[in-house]
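Q: What follows is a structure written as structure tokens; I'll ask about it next.
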There are 2 protein chains.
Amino acid sequence: MKKSERNIVIPVKDGRRRVVITGVQPEIDCGCFAIKRTVGEKVIVEADIFTDGHDALSCILLYRREEEAQWTEVPMKFLANDRWQGSFVVTAMGRYYYTLRAWIDRFQSWRRDLTKKVGAGQEVKVDLTVGAEIVENAGEKASGEDASRLKEWAQALRSPQELSKSIRLVLDEETAAMIARYPESQSATTYEKELVVVVERTRARFSSWYEIFPRSCAPMPGQHGTFRDCETRLPYVSAMGFDVLYLPPIHPIGRIHRKGKNNIPAGKEDEVGSPWAIGSEEGGHKAIHPQLGTLEDFRRLLTKAKEHGIEIAMDIAFQCAPDHPYTKEHPEWFRWRPDGTVQYAENPPKKYEDIIPFDFQTARWRELWEELRSVIFYWIDQGIRIFRVDNPHTKPFQFWEWLIHEIQKDHPEVIFLSEAFTRPKVMYHLAKSGFTQSYTYFAWRNTKWEITQYLMELNQTEVKEYFRPNLWPNTPDILTEYLQMGGRPAFMTRLTLAATLGASYGIYGPAFELCENHPREFGSEEYLDSEKYEIKHWDIQRTESLKDFIARINRIRRENPALQSDWNLSFHPIDNDQLICYSKQTEDLSDLILVVVNLDPHHVHAGWVELPLSALELDPRQPYQMHDLLSGARYLWTGSRNYVEVDPRIAPAHIFRLRRRIRTERDFDYFM
Amino acid sequence: MKKSERNIVIPVKDGRRRVVITGVQPEIDCGCFAIKRTVGEKVIVEADIFTDGHDALSCILLYRREEEAQWTEVPMKFLANDRWQGSFVVTAMGRYYYTLRAWIDRFQSWRRDLTKKVGAGQEVKVDLTVGAEIVENAGEKASGEDASRLKEWAQALRSPQELSKSIRLVLDEETAAMIARYPESQSATTYEKELVVVVERTRARFSSWYEIFPRSCAPMPGQHGTFRDCETRLPYVSAMGFDVLYLPPIHPIGRIHRKGKNNIPAGKEDEVGSPWAIGSEEGGHKAIHPQLGTLEDFRRLLTKAKEHGIEIAMDIAFQCAPDHPYTKEHPEWFRWRPDGTVQYAENPPKKYEDIIPFDFQTARWRELWEELRSVIFYWIDQGIRIFRVDNPHTKPFQFWEWLIHEIQKDHPEVIFLSEAFTRPKVMYHLAKSGFTQSYTYFAWRNTKWEITQYLMELNQTEVKEYFRPNLWPNTPDILTEYLQMGGRPAFMTRLTLAATLGASYGIYGPAFELCENHPREFGSEEYLDSEKYEIKHWDIQRTESLKDFIARINRIRRENPALQSDWNLSFHPIDNDQLICYSKQTEDLSDLILVVVNLDPHHVHAGWVELPLSALELDPRQPYQMHDLLSGARYLWTGSRNYVEVDPRIAPAHIFRLRRRIRTERDFDYFM
């Protein structure tokens, strides 16, 4: 244990180190965890930096890539109330470090005081000689032209007859900038921590996910789908505009205690079982379910997907069926009960007899961890770069922190999505432990107040630094009440929200686009005849399919950089609680998307939107054009309050792109 | 520099350490600084504690005095949302440490799951044998009666015929409590920091200060007052109810550049100068100004004061007059200018030629620090235990952190008051560095909104953990606009606010009680003919003096423990912006003080107070009595809304004490 309070480091090493650096942001849990960025993004660092007395300060932000020994220095600017700010752009994947340094700037203090004294008409002869010393000090560090100019200036400061020249030089910004290159930073304070940025590829921030069960992709009902069948589905997925195709586990499925249709405990012999019950005599986490095809087929699918601009995401479920080879090869990785049986998964009184968890309390935890790491490496070798991790919250946080770090050390391009639907602090801690993206509570946020509060928490608080939300309106486990009851308009509403509120989102299809909404029973969020336990055959060409709508939404996402980032979201008032209004824009405001969604799938709603014109750089006296990218319609708006009306039977939302330039008579050549 | 992110401590030491402890409160700046308490106060510690999976946790708070090797363990209780809480009471001055420990509680997990299974009517035979192992493990650690009882219970769990007995035992709280004494905490997580509490005496929290210039205490006008004259003033100060008497510097005053009346730069020969221009041929910081008396006189004053229940607070101004002995003995502690003169204090274009600051950038900083520490020790030897530190923000933070720690190591009873009127973060950082109490912006907070916001910041945020406010309506440097314009009622209002909002407050007298309100010039906060530069003679018996009002207020403070602490302040709505309403109460609600102050010194104001009855444990259907401790009047109030009217010409406030017991006919012996 370490005494944490600073008092105990007495005796003090350097009493002249007078500058304090504190309140650094971003800094997660005292620097225990990294912040996250994608390539090309900016890191804005702020800190409270101050000293005793009235001296002027110089503050710099330092950053470097892990591979680099040298720090790059960035001057920080003073904001207000002792707060300073600096920033840098991360340009490569991997880890960056950043820290801060500040010192008392004798030259700036002197220059500021002298300026005041000159302004007050005070005698400054001695002050000029004081300045001469400072300039000489700088001159000693300089060389070349700088050295001779500084020497010359020091001489001027010492010559009473050159008083006005000296004073002019003091006030000269260029001279000041030159002196700043030779700082007296012996007693500088360096912030005691080096903070970390994990930089990932763009898809970590902006991605559109589509989940299907490969075994349900066969052309004929009743057949077991294969990877080859998945290939034929790629054009369909690509046409909808998705760039990640996520497959539930593709490994051999256990036979012991295999679940039957609708999760019935004692499945019959011919049941297909749940793909999450991994492992049988046919192999475990590094094997492929024979009915899906061969490893060769799988690699071919990856290649074909790439041709369609699609990446395959693999499911990682670190758990075993009772007949997984591990249970025989490594019985020490499981918890055995006094009766000689192995402890299956349970959450009393619920039992999951087809699944047995690893016992992470095992004395052989290290071998277990290493084996699990080898699973990831195995699939990386096959070409996988995205892993969707099943129930990470039932494995130790330390394990994930270690695993993700181990993988990203060699493969910074690997993306991990955390599938944890659990308590908020646990979900956030998993994200801190390294997960690239995380599932969220979005599925259960339906009212305006709920959506606003939740998205503000995700995007406007410190959470944004480490938790990248991936918004899913449905999953094979989650058919929400809202979708069950709202019909097709509800599916459109939820898709629009997910795709425009979140830079990353996903759907479980074809259930979603076909608006499948029958629960197993009233009050349940499970699908009736769930694909988790049986093979389904979907008629993806049904006319009521949302595929074209989805394709349009995904095109809007691709074409508008404003929708490709999470932090730029702001909500705007609208005087109808069934309508929600928000905007996203690029930093330079060149792309601005305003979304109005009708949350009520049953009725037409109308209301007055209120926009902050000055923040959007709109002239309150000039009209501007709102182009609805969904319907194609264009509206002329003026001022901050404008009317909208949304009919869920046509489209549940407007997705406006702001078009700034509206012609008036003043634009005519011959005006004036 | 240290890499701060945890990832780099890979390889992981113990992968089975699955519990996370984070979000610990209180914890100042990642544990860099101590929190503060006074003897008898409670430390309530909260943290987010959680693990992966569904296991039950045991969490304990550990604390110890610095002198103790052994930790005391306190079980923590679960609040909600993964938040746990524990507390301990500090009973002695000095330093305490606290930290946290948590582990997976196998017994509790098993007991909870078994209870659910039994409830669901599931087969639990194997589970009972699992439990037997856990109980046996505990039994091995136990001895005596516990050991035999645990053995007996394990046997029962293994005997199928004793099923119902076993289950009854599982549910028995007493058995569970016994098992908890023998935890399996091998893979416990201990919080990585030991956090510090600095515990001071009660006066650090609750104190009433009175500042006078000893040289103005002479019985006859024109005479220079002495310590003996101060003695004769003690009964007066004591009658007003003050317990700290603070004297501006009592050292010899420099003659070079001595300031004249009203701070005129070139003082005449016979001027007395500013006591803050310390040091002359007659001595420096360890000497006494000859005109005040001898060291013997000073020590006698301390003794006499004690007899009146008053402690003398000494002014520590670490700066020198140009003729201070240090300037000759230690020229290396000052900054010399190229013309051979020493750098005097300035804040351009303002000059303070009678004061020269120490150069804390000196290479001999260590000797300087040690000498300054010896000054404090010298006065401690004379009996001083309270120091009011002048302008600490113009000396390095590290210096104060070191100095206060050095002093309190041997003398935890020594109190330091920080007189820093500067930017908020600098003031807060001084408090973090160790100052017991701090001056505040109170003098400039006059409206209801300003007062509410500021006091909430001080008492309801993390600031309360390290910053103890001392509220002063005036000082020799601060005669606020409000006091200048509001006449006698303004003085009463500000005194009432200071004394009831703050557990510690002070006034500069007799200027305050005599309602002295003439500024040097319009727009200035300096007093006209300020005592800082001349001897004054005050007629303390003037009829319009507030001394009796002050005595009454201080008696109310002494008699009501509710007013002796800062954190228990809450503001209540009142429908008139010139009236402010707030309450303070003891934890057990036995003492509840409700204050209503009229902030407008010119007009009568009335309004409806709104009280949170349930929080105050008041029955909404029963009347309660409000006893105005200022006027002696008693009012019967009912329900949450009640009417008040405050006439500033009579008294600017009500200070109600809630009297709960009101008799009704049901209290008669013969009722029913």
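The values are calculated or read from the model by the stated rules, or taken from the named source; none is laboratory data. Nothing here was measured: the structure is a model prediction, and the numbers come from that model. Cβ: placed from backbone, ideal geometry, glycine included. Neighbour counts: every protein chain shown. For accessibility, only protein heavy atoms count, side chains too; no ligands or nucleic acids. Shrake-Rupley method; radii C 1.70, N 1.55, O 1.52, S 1.80 Å.
Q: Can you tell me which residues in region A:161-171 are open to solvent by less than 80 Å² (accessible area, probe 1.4 Å) and either modelled with pLDDT under 75 or not basic (Lys, Arg) (or both)?
A: A:GLU162, A:LEU163, A:SER166, A:ILE167, A:LEU169, A:VAL170
Q: In addition: In region B:123-131, is there at least one residue being out of contact with any Phe, Trp or Tyr (no Cβ under 6 Å at 6 or more places or on another chain), part of a helix (DSSP H, G or I), within 14 Å of chain A (Cβ to nearest Cβ) and small (Gly, Ala, Ser)?
A: So far as region B:123-131 goes, no, none of its residues is out of contact with any Phe, Trp or Tyr (no Cβ under 6 Å at 6 or more places or on another chain), part of a helix (DSSP H, G or I), within 14 Å of chain A (Cβ to nearest Cβ) and small (Gly, Ala, Ser).
Q: Among the residues that make up region B:16-25, is at least one of them of a type in the set (A, V, I, L, M, F, W, C) and surrounded by fewer than 18 Cβ atoms within 10 Å (Cβ to Cβ)?
A: Within region B:16-25 (the criterion being of a type in the set (A, V, I, L, M, F, W, C) and surrounded by fewer than 18 Cβ atoms within 10 Å (Cβ to Cβ)), the answer is no, since none of the residues qualifies.
Q: Which condition number does A:LEU368 fail, the rest of (1) surrounded by fewer than 20 Cβ atoms within 10 Å (Cβ to Cβ); (2) within 12 Å of another protein chain (Cβ to nearest Cβ); (3) farther than 17 Å from A:ILE415 by Cβ being met?
A: (1)
Q: Which residue is modelled with the lowest pLDDT, if the candidates are limited to region A:325-352 and must be more than 21 Å from B:GLY131 (Cβ to Cβ) and within 14 Å of chain B (Cβ to nearest Cβ)?
A: Here the residue is A:TYR352.
Q: Being in contact with a helix residue (DSSP H, G or I) (Cβ under 8 Å, 6 or more places away or on another chain), open to solvent by 30 Å² or more (accessible area, probe 1.4 Å) and either within 14 Å of another protein chain (Cβ to nearest Cβ) or free of Cβ contacts under 8 Å to residues at least 40 places away in the same chain (or both) is the filter here, so list the residues in region B:451-469 that pass it.
A: B:GLU457
Q: So, in region B:215-232, how many residues would count as being in contact (Cβ under 8 Å) with a residue 60 or more places away in the chain, outside any loop (DSSP other than H, G, I, E, B) and either of a type in the set (Asp, Glu) or open to solvent by 10 Å² or more (accessible area, probe 1.4 Å) (or both)?
A: Adding up the residues that qualify gives 3.
Q: If you don't mind, another one. Within region A:285-292, identify whether any single residue is in a loop (DSSP other than H, G, I, E, B), under 25 Å from A:ALA266 (Cβ atoms) and within 12 Å of chain B (Cβ to nearest Cβ), and answer yes or no.
A: No, region A:285-292 contains no residue that is in a loop (DSSP other than H, G, I, E, B), under 25 Å from A:ALA266 (Cβ atoms) and within 12 Å of chain B (Cβ to nearest Cβ).
Q: So which of B:TYR643, B:TYR635 is in a strand (DSSP E or B), without any contact (Cβ under 8 Å) to a residue 24 or more places away in the chain and not assigned by TED's automatic domain parsing to the domain that holds B:TYR466?
A: Matching residue, one of B:TYR643, B:TYR635: B:TYR635.
Q: Any chance you could count how many residues in region A:430-448 are free of Cβ contacts under 8 Å to residues at least 60 places away in the same chain and open to solvent by 10 Å² or more (accessible area, probe 1.4 Å)?
A: Summing the residues that are free of Cβ contacts under 8 Å to residues at least 60 places away in the same chain and open to solvent by 10 Å² or more (accessible area, probe 1.4 Å) in region A:430-448 gives 3.
One line per residue, one yes/no per condition, for (1) in contact (Cβ under 8 Å) with a residue 60 or more places away in the chain; (2) over 32 Å from the mean Cα position of the chain (by Cα):
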| residue | (1), (2) |
| --- | --- |
| A:GLU329 | no, yes |
| A:PRO338 | no, yes |
| A:ALA345 | no, no |
| A:PRO348 | no, yes |
| A:GLU353 | yes, yes |
| A:GLN361 | no, no |
| A:VAL375 | yes, no |
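Q: Mind telling me which of the residues A:GLU307, A:GLU332, A:GLU281 ends up being more than 18 Å from A:TYR378 (Cβ to Cβ) and not assigned by TED's automatic domain parsing to the domain that holds A:TYR378?
A: Result: A:GLU332 is the single residue among A:GLU307, A:GLU332, A:GLU281 that is more than 18 Å from A:TYR378 (Cβ to Cβ) and not assigned by TED's automatic domain parsing to the domain that holds A:TYR378.
Q: Can you tell me which of (1) surrounded by fewer than 20 Cβ atoms within 10 Å (Cβ to Cβ); (2) within 19 Å of B:PRO612 (Cα to Cα); (3) within 17 Å of the chain's Cα centre (by Cα) is the one B:PRO561 doesn't meet?
A: Here B:PRO561 clears every test but (2).
The rows are residues; the columns are (1) more than 13 Å from chain B (Cβ to nearest Cβ); (2) modelled with pLDDT of 95 or more.
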| position | (1), (2) |
| --- | --- |
| A:GLY15 | no, no |
| A:VAL24 | no, yes |
| A:CYS30 | no, yes |
| A:PHE33 | no, yes |
| A:GLU73 | yes, yes |
| A:ASN81 | no, yes |
| A:SER87 | yes, yes |
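Q: Counting only residues that are within 13 Å of chain B (Cβ to nearest Cβ) and under 21 Å from A:GLU211 (Cβ atoms), which one in region A:405-422 is surrounded by the fewest Cβ atoms within 10 Å (Cβ to Cβ)?
A: A:THR422
Q: Also: Taking region A:172-209 as the region of interest, how many residues are crowded, with 20+ Cβ neighbours inside 10 Å, hydroxyl-bearing (Ser, Thr, Tyr) and within 14 Å of chain B (Cβ to nearest Cβ)?
A: 2
Q: Checking the condition in the same structural domain as B:HIS405 (by TED's automatic domain parsing), touching a Leu at 6+ places or on another chain (Cβ under 7 Å) and either under 24 Å from B:ASN554 (Cα atoms) or surrounded by 23 or more Cβ atoms within 10 Å (Cβ to Cβ) (or both), which residue from B:LEU501, B:LEU514, B:LEU483 passes?
A: Selected residue: B:LEU501, the only one of B:LEU501, B:LEU514, B:LEU483 that is in the same structural domain as B:HIS405 (by TED's automatic domain parsing), touching a Leu at 6+ places or on another chain (Cβ under 7 Å) and either under 24 Å from B:ASN554 (Cα atoms) or surrounded by 23 or more Cβ atoms within 10 Å (Cβ to Cβ) (or both).
Q: Being in contact (Cβ under 8 Å) with a residue 60 or more places away in the chain, in contact with a helix residue (DSSP H, G or I) (Cβ under 9 Å, 6 or more places away or on another chain) and surrounded by 19 or more Cβ atoms within 10 Å (Cβ to Cβ) is the filter here; which residues of region B:273-288 pass it?
A: B:SER274, B:PRO275, B:HIS285
Q: In addition: Would you mind finding the one in A:TYR428, A:TYR454 that is among the hydroxyl-bearing types (Ser, Thr, Tyr), more than 21 Å from A:SER570 (Cβ to Cβ) and in a helix (DSSP H, G or I)?
A: Going through A:TYR428, A:TYR454 in turn, the sole match is A:TYR428.
Q: Provide a single number: the residues in region B:303-324 that are crowded, with 19+ Cβ neighbours inside 10 Å and either hydrophobic (A, V, I, L, M, F, W, C) or more than 14 Å from every other protein chain (Cβ to nearest Cβ) (or both).
A: Final tally of qualifying residues: 15.
Results for (1) open to solvent by 10 Å² or more (accessible area, probe 1.4 Å); (2) assigned by TED's automatic domain parsing to the domain that holds A:THR447; (3) in contact (Cβ under 8 Å) with a residue 24 or more places away in the chain; (4) assigned to a loop (DSSP other than H, G, I, E, B), shown as yes or no for each residue.
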residue: A:CYS581; (1), (2), (3), (4): no, no, yes, no
residue: A:SER590; (1), (2), (3), (4): yes, no, no, yes
residue: A:LEU594; (1), (2), (3), (4): no, no, yes, no
residue: A:SER614; (1), (2), (3), (4): yes, no, no, yes
residue: A:GLU617; (1), (2), (3), (4): yes, no, yes, yes
residue: A:GLN625; (1), (2), (3), (4): yes, no, yes, no
residue: A:LEU630; (1), (2), (3), (4): yes, no, yes, yes
residue: A:ALA651; (1), (2), (3), (4): yes, no, yes, yes
residue: A:ILE655; (1), (2), (3), (4): no, no, yes, no
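Q: Suppose the filter is assigned by TED's automatic domain parsing to the domain that holds A:ALA277 and under 30 Å from A:ASN262 (Cβ atoms); does A:THR422 pass it?
A: Criteria met by A:THR422.
Q: Which of the following residues is surrounded by 14 or more Cβ atoms within 10 Å (Cβ to Cβ) and in the same structural domain as A:ILE28 (by TED's automatic domain parsing): A:THR91, A:THR99?
A: Answer to the check: A:THR99.
Q: Taking only pairs six or more apart or across chains, which ones have beta-carbon atoms under 7 Å, a first residue in region B:134-156 that is assigned by TED's automatic domain parsing to the domain that holds B:ARG111 and open to solvent by less than 80 Å² (accessible area, probe 1.4 Å), and a second residue that is not charged (D, E, K, R) and not in a helix (DSSP H, G or I)?
A: Sorted first by the residue in region B:134-156, then by its partner, the pairs are B:ALA138/B:TYR182; B:ALA142/B:TYR182; B:LEU150/B:ALA142.
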